[in-house]
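What follows is one structure encoded as structure tokens, with my remarks underneath.
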Amino acid sequence: MENEIRMESEDIAYRRQVVEMYKPDVERLIRYLPWLESKAGSSVAETFEGSGIKGHSITFPVYDGTLMSFIKEVQKTTLVDRNYPYVYSKYRYRSVQDELRAIDRASIRDMDILKGILSKYVLGGMTKGRLWTEAVYNRIFLNIIRKMKDNIEFWDRPMV
């Protein structure tokens, strides 16, 4: 009985620590939720083809300004984990469906999983820009930020 009480108080302390650690960063990102909701299922990049570039050079994507602001904001947080491949190998995530299921199931104890998936798209998009647009289209960014917000609010108080 005494051991159970000690474990429960340690668990509560851990949850409080997680809330304190991630809440400021999540609060910075929740302002993007309405935009992410409105863009889910649509493209947030166009291919630049001006001035006859197609015939003389490589075309390149031009990203939505809000997407670029979101990416820069995420990069300033503690939510970016350069060791994200570990999460993918540990939990054997192979597809977008695996990622979406993991996001949906994630609790406050699974913030490392959410960080890992977020990091894959944010950091991976630096070299493979299509990852950013896929994350918006497939609701990855939306679901991660919403889940982090819900988890923190469950153990703390509502965020604006």
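The values are calculated or read from the model by the stated rules, or taken from the named source; none is laboratory data. All of these numbers come straight from a predicted model, not from anything done at the bench. Here the Cβ positions follow ideal geometry from the backbone for every residue, glycine too, while neighbour counts run over all protein chains shown. Side chains are part of the model used for accessible areas, which takes the heavy atoms of the whole protein and leaves out ligands, DNA and RNA. Shrake-Rupley method; radii C 1.70, N 1.55, O 1.52, S 1.80 Å.
Let's test the formula: R0 of 30 Å, r as the Cβ-Cβ distance of Glu20 and Thr66. What FRET efficiency results, to the nearest 0.05? With R0 = 30 Å, the Cβ-Cβ based efficiency is 0.55. Counted residue by residue at 0.36 nm each, then reduced by the alpha carbon distance between them, the extension gain from Asp112 to Met159 reaches 14.8 nm.
The residues of segment 61-147 present an accessible area of 51 Å² per residue when probed at 1.4 Å with all protein chains retained.
Once the convex hull of all Cα atoms in segment 57-125 is built, its volume per residue stands at 129 Å³. Karplus-based coupling profile of segment 30-41, in residue order and whole Hz: 5, 5, 8, 4, x, 5, 4, 5, 5, 9, 4, x, with θ = phi - 60° in 6.51 cos²θ - 1.76 cosθ + 1.60 and x standing for Gly or Pro.
With the highest mean first, a sort of the peptides 135-145, 25-35 on other beta-carbon atoms found within 10 angstrom per residue produces 135-145, 25-35.
The Cα trace of segment 92-150 gives Rg and Dmax of 10.7, 31 Å, the first to one decimal, the second as a whole number. Enter the angle in degrees (range 0 to 90, nearest 10) between the Cα long axis of helix 96-105 and the first principal axis of the Cα atoms of the chain, meaning the one along which they spread out most. On a 0 to 90 degree scale, this one is about 30. Note: the chain, Cα convex hull, 129 Å³ per residue. For Val62, the amide hydrogen comes within under 5 Å of the amide hydrogens of Glu46, Thr47, Phe48, counting only partners 5 or more places away or on other chains and with H modelled in the peptide plane.
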